[in-house]
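> Pasting a structure below so you can have a look.
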Amino acid sequence: MFGLNGTFKGTSFSNFWISRMLTSTSFQMLSVAIGWQMYDLTHDAFSLGLVGLAQFIPMVLLTLVVGQVADRVDRRKIVFLCQMIEAVIAGLLLYGNFANWLGREEILIAAFILGACRSFEGPSSSALLPQVVPKEILQQAISWSTSAGQTAQILGPSLGGLLFSLGPAFVYCTATIALLISSFLTYLIKLDSQFIRKSEPVTLRSMLMGLEFVYRHPVILGTISLDLFAVLLGGATALLPIYAQDILHTGPWGLGLMRTAPAVGALLMSLVLAYFPLKKSFGPILFAALGVFGLATMLFAVSTNIIISLFALFMIGASDVVSVVIRSSLVQLQTPDDMRGRVNAVNSLFIGTSNQLGEFESGTMAGLIGTVPAAFVGGLGTVLVAGLWMYLFPSLRRIRSLSES
């Protein structure tokens, strides 16, 4: 028995949730360890940047392929295989540390393969969730799934850093074991609804159908594009090191608290939504959450008090989860099962691009106009985007039920 007053019966969703938390935590740990070890080996900031690029490139290159695979192959098998490969890579990194052959090129190859696995695993896992639970409780399942991701964001970097202080081998060993357990739990998942295997031939048009479907459905197009531009403009968290050192003068301890605050807000809000799911007025609540996100970002931008800054960051994380749960629920429920792989691949590309470019945009703006103005303009831009999208996508603004089109 798992979850919410008996709402989730049996073990399949429990297996899904624990597996997601373990694999996400492992990926966070591996990212920390790979980055630190790369810098320890090279003392080169450019090489450190290449690690992030190596993880990002597969997502861009494989988006159309990932969608096709996720709509033609059992998604549970895809997630299982990805987790097994990730476990093998973590095991090879562990062996490489003991055998002393781990260098710059080997780390970049490992980062690329991990990025490719995550490119397949993310959309496939998202598309798998509606097959694990009944449609009626999908929103709650998404909230619980989001809580797993937020828990991983809190535990992963801190646990990775703690274990790395004992030696990189401790990180790689822990990640290998966690990923093996995660893959075993995925293997045990039983589906509530069966996978619909595509019988159409693979063509360029079939590969582009995810993009076409998104374009032809205003609610989904508005939802996905809203996430892209809101996150792109509201990436103030990329500036946290500057705030800790030059504005709030807190040092590393303050930076740690500020990095944790949005994840704590997101985790608590995801648990609230899991126990008390939204029932109506999804469109207005979505735009209200984005408004709070933007206003909280603006408050953080001008704050010179650590308590106020932590409160603003907490609200950023909490409001973001409200919009994430609504957007994810809309995308899942308004997409037919035989298209979910391709649509979720497009969604993952938009989310990943917005996160990466958002950090770049924040850093560039901070260099041009200063840190505080850049963060403030980013928050203001999010509020303006929410208002503009209310005008451009009236069907999204008026939506009351997750099943409305």
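The values are calculated or read from the model by the stated rules, or taken from the named source; none is laboratory data. The shown structure was predicted, so the numbers you read here are calculated from the model rather than taken from an experiment. So basically every Cβ, Gly included, is an ideal-geometry build from the backbone, and we count neighbours across all protein chains shown.
> Name the pairs: first residue in region 89-107 and farther than 17 Å from Thr176 by Cα and in a loop (DSSP other than H, G, I, E, B), second residue among the hydroxyl-bearing types (Ser, Thr, Tyr) and modelled with pLDDT of 95 or more, Cβ to Cβ under 8 Å, at least 6 apart or on different chains?
none
> Okay, next question. Do we have Val231 as among the hydrophobic types (A, V, I, L, M, F, W, C) and at pLDDT 75 or above here?
Here the answer is no, as Val231 does not meet what is asked.
> Restricting to region 253-277, count the residues that are surrounded by fewer than 17 Cβ atoms within 10 Å (Cβ to Cβ), touching a residue at least 24 places away in the same chain (Cβ under 8 Å) and more than 21 Å from the chain's Cα centre (by Cα).
Going through region 253-277 one residue at a time, the tally reaches 1.
This table checks each residue for (1) over 26 Å from Arg216 (Cα atoms); (2) at pLDDT 85 or above; (3) more than 17 Å from the chain's Cα centre (by Cα).
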| site | (1), (2), (3) |
| --- | --- |
| Ser328 | no, no, no |
| Thr335 | no, no, yes |
| Ala345 | no, no, no |
| Phe350 | no, no, no |
| Gly358 | yes, no, no |
| Leu388 | no, yes, yes |
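> Checking Leu299 against (1) among the aliphatic types (A, V, I, L, M); (2) surrounded by fewer than 23 Cβ atoms within 10 Å (Cβ to Cβ); (3) closer than 20 Å to Met390 by Cβ, only one condition comes out false. Which one?
Against the list (1) among the aliphatic types (A, V, I, L, M); (2) surrounded by fewer than 23 Cβ atoms within 10 Å (Cβ to Cβ); (3) closer than 20 Å to Met390 by Cβ, Leu299 comes up short only on (3).
> For region 238-252, enumerate the residues that are closer than 14 Å to Leu310 by Cβ and within 25 Å of the chain's Cα centre (by Cα).
First, the residues of region 238-252 that are closer than 14 Å to Leu310 by Cβ: 240, 243-244, 247-248, 250.
Leu240, Tyr243, Ala244, listed by residue number.
> On to the next question. Would you confirm whether any residue within region 72-88 is free of Cβ contacts under 8 Å to residues at least 40 places away in the same chain, over 21 Å from the mean Cα position of the chain (by Cα), more than 23 Å from Pro336 (Cα to Cα) and not assigned by TED's automatic domain parsing to the domain that holds Gly210?
yes
> With at pLDDT 85 or above and farther than 28 Å from Glu86 by Cβ as the only criterion, which of Leu255, Leu179, Leu208, Leu248 stands out?
Going through Leu255, Leu179, Leu208, Leu248 in turn, the sole match is Leu248.
> Got a sec? Which of Phe98, Phe56, Phe80 is modelled with pLDDT of 85 or more and buried (at least 16 other Cβ atoms within 10 Å of the Cβ)? It would help to see each step written out before you state the result.
Values: Phe98 fails: buried (at least 16 other Cβ atoms within 10 Å of the Cβ); Phe56 fails: modelled with pLDDT of 85 or more.
Exactly one of Phe98, Phe56, Phe80 is modelled with pLDDT of 85 or more and buried (at least 16 other Cβ atoms within 10 Å of the Cβ), namely Phe80.
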